Structure formats: C-alpha cells, structure tokens
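The values are calculated or read from the model by the stated rules, or taken from the named source; none is laboratory data. Small disclaimer: the values here were computed from a predicted structure and weren't measured. FYI the Cβ positions are ideal-geometry reconstructions off the backbone, even for glycines, and counts take in every protein chain you see. For accessibility, only protein heavy atoms count, side chains too; no ligands or nucleic acids. Shrake-Rupley method; radii C 1.70, N 1.55, O 1.52, S 1.80 Å.
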Amino acid sequence: MKIIECTDLTKTYFRKKVLNQLTFSIEDNKITGLIGRNGVGKTTLLKIIAGYIKQTSGELTVFSKKPFNSLLVSANSIFIDDQMSFPSPMQLHEILDAAGSFYPNWDRTLAKRLFDYFSFDPKHYHNKLSKGKTSTFNAIIGLASRAPLTIFDEPTTGMDAAVRKDFYRALLKDYLAQPRTIIISSHHLEEIEDLLEDVLLLKDGKNHLHVPMEELKEWAVGLKGAKETVIHLTKDKEVYYQNQIGTHSMYAVVKNDFSEQELQQAKANNIEITTVRPSDLCVYLTGETKRGIDDVFLNR
Ligand SMILES: Nc1ncnc2c1ncn2[C@@H]1O[C@H](COP(=O)(O)OP(=O)(O)OP(=O)(O)O)[C@@H](O)[C@H]1O
C-alpha cells in the first residue's frame, strides 16, 4: 500500500523554486533514505510530508489525506529533527510522559530502556542538553513513538560515532520488531546503507533516482587503467565521474550497463573494474561537474 503519493510537487520560497515538479511514492513498511546535497530541499519535502508547511503547487497525500492541518496525519506520524522544542519548564521524564499520552503506539519500556542506556538524567531540561544529547533524546522519542510514519531529518546531528552506531542499530532492531514506514534524511549514507531498503535521491528539486538499495549498489562500476583505454570504453556510456591519475591513467565511474563481452575486453586491456559504494555514487550523481573539486584547481 502506498503511504505517500507525491505528484508534480513544487515549493517556491519567494522566487526560488526548491522542489520542482517532484513525483514519487513511498510504500508502507519500508525504510527509505532521502539523499541529496545541502540545500536541495530534503527538509522542505519532509516538512510538507509531515504537514508543517504547504506546497506551492502539485499534489501530495499521506495516508490518502492532504497532510497540512490533517489530524489523521499528525496522529500517525512523527517528525524528528534537531530543532524540536519542548516547553522549557518540562523535565525530560515529563516530556516522555507527555509523548506517551500523545502517541497511541508509544512503547514506554523501549523509551525507558533507551533513556537509561544513554544515561539521561530524568530531571534534566531539554534546552540544557548538549547538541549530541539533544539529538539522542529526540531520536528516543522518534523510536518509542512507533508512529506508522516516522520521519528522521538528519537525526544524528552532533552524536558521536558510537552513539550514531547504537541509534541505527536500535532503529533496525525496533523496525524488525514492529515494521513501519520510516524516512531518514542523512548526509552519512555510508552509515545507513545497510539499513535502507530504498533510496530517494533528489537533485535540482526533482526525483533524480528512486531505487532499492540493492539496485543502487549495482548501479555503476569504476574503471581504472590507461587513460586512452578508459576513454574509449566509456565513450558511449553514461559517465558520472572521471579523474585523471598522473599523466597516463584515469578512473571513471559509469553506468553499469556493460555486456559480459565488454567487461572481458576491458579486463584484457588491463582495466581494473571495481564496485562503487552507494555513498560515493550519490556524490557523483549529484555533482555539478564530473571532476568534482579538482575543477577548482584546473588550469590555475
Ligand atoms: N523558510 C524558508 N524561507 C526561505 N527559504 C527557505 C526556507 N526554508 C528553506 N529555504 C531554502 O530552501 C532551500 C532548501 O532548504 P532545505 O533546508 O529544504 O534543504 P536541505 O536539502 O534539507 O539542506 P541541508 O542538507 O543543508 O539540510 C535552501 O536554499 C534554503 O535556503
């Protein structure tokens, strides 16, 4: 069943088009990673899905309803980011109690266990927490809410590596125990690639790619070897990235639509063929140029 259906969604801030006729749908009980460069519109999209803001044009439904001002959507979804604020007089244990009475699927035991595991003081105040602790506390709310649609916008901001790892492990374990629709936006795809089932990659306000993670892992290959040979082998291919190594060698990342014969020919010509990590591929796919930062230093 489709939980989110989005057709030709456009969001304009003043005269700037951030989302531009974006079309995609998300099925229930999947973990989708929302990936894209800084400022591409991830938070904007997630806020529209959560019903916090309205689109400029286009259609978006969540649980078959328009999310803006929808009680059904707000009761069945949660939006976690580092901007979450709570009334300042409330202590952490009071916030957990309040969340427990708001979210119908709230898992009190999970909330308490995570709270203790991450060594929170029940009498502490939310606005006095450090950056990493704030994200951790908000993530606990997101997990324990067990909302049918759980949205994490950059949930690990400020968390140290160990906490990030623990959080993603907790997320996976709880998702397996209680599958639900989860969307995570993150700049650290390498940390979540084993968690995600689908990846939605935004570029220029559009859906650049929306594929299962397994497909993304096979989407491209890297070719490394003599420059002329690499150029020859990739001349009719979709090239996502190329980088000259020294004077005579080159590394190129291209769409993986080579025939077995072409691959054999490449190997026979001493071309090294490698897999491309999804996190690197996403960087190449969303880059402005095929050489990346090297372009800045070209012909100086
Ligand atoms: N309330 C607003 N008013 C005007 N412009 C805004 C507003 N919110 C966001 N923008 C602009 O919209 C664009 C997209 O912002 P958004 O926060 O959605 O991107 P993002 O992909 O989440 O970025 P990041 O990865 O850096 O968090 C940016 O250029 C931003 O400056």
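Using only Cα atoms and rounding to the nearest 10 degrees, what angle (0 to 90) does helix 161-177 make with the longest principal axis of the chain?
70
Setting aside same-chain residues fewer than 8 positions from Lys54, which aspartates and glutamates have a Cα under 19 Å from its Cα?
Partners found: Glu5, Asp8, Asp81, Asp153.
To the nearest 500 deg cm²/dmol, what mean residue ellipticity at 222 nm is calculated for the chain from DSSP H runs of n ≥ 4 alone, each contributing -39,500 (n - 2.57), summed and divided by the residues?
Calculated mean residue ellipticity at 222 nm is -10000 deg cm²/dmol.
Normalise the Debye intensity by I(0) for the stretch 156-300, one equal point scatterer per Cα, no solvent, then take log10 at q = 0.13, 0.19 Å⁻¹ and round to two decimals.
-0.71, -1.15
Kirkwood Rh, the chain, all Cα pairs: how many Å?
Evaluated on the chain, it is 21.2 Å.
Could you state the orientation-averaged shadow area of the convex hull built on the Cα atoms of the stretch 220-297, in nm² to one decimal?
For the stretch 220-297, averaging the hull's shadow over all directions gives 5.1 nm².
So what is the accessible area of the stretch 105-259 per residue, in Å², with the probe set to 1.4 Å?
Per-residue value: 46 Å².
What is the helix-to-structure angle for 92-102, meaning the angle in degrees between its Cα long axis and the longest Cα principal axis of the chain, kept from 0 to 90 and rounded to the nearest 10?
Its long axis makes an angle of about 90 degrees.
Using a probe of 1.4 angstrom, how much of the accessible area of the stretch 2-216 is carbon and sulfur, in percent?
50
Put a dot 7 Å past each Cα toward the Cβ at Ser85 and His208; how far apart are the dots in nm?
3.3
Mind checking the angle between helix 108-117 and the chain's longest principal axis? C-alpha axes, 0 to 90 degrees, to the nearest 10.
70
7 Å from Cα along Cα→Cβ at both Leu71 and Ser130: what's the point-to-point distance in nm?
According to this spin-label approximation, the distance is 4.3 nm.
Can you pick out the pairs among Lys203/Lys227; Lys112/Lys133; Lys112/Lys217 whose Cα atoms lie more than 25 Å from each other?
Listed pairs above 25 Å: Lys203/Lys227; Lys112/Lys217.
With every protein chain left in place, what is the accessible area of Tyr52 in Å² (1.4 Å probe, nearest 10)?
Accessible area, nearest 10 Å²: 120 Å².
What percentage of the solvent-accessible surface of the stretch 220-297, computed with a 1.4 Å probe over protein heavy atoms, is contributed by carbon and sulfur atoms?
That share works out to 48 percent.
In the Gaussian network model of the chain, springs joining C-alpha atoms below 10 Å, which of Glu260, Glu288, Glu197 carries the largest mean-square fluctuation?
Glu260
Can you figure out the FRET efficiency of Thr275 with Leu172, using R₀ = 30 Å and their beta-carbon distance, to the nearest 0.05?
0.85
Rounded to whole Å, give me the distance from the Cα center of the stretch 1-55 to that of the stretch 86-164.
Centre-to-centre distance over Cα atoms comes out at 25 Å.
Multiply the residue gap between Glu218 and Lys165 by 0.36 nm, knock off their C-alpha separation, and tell me the result in nm, one decimal place.
The Glu218-Lys165 span can extend by a further 16.6 nm.
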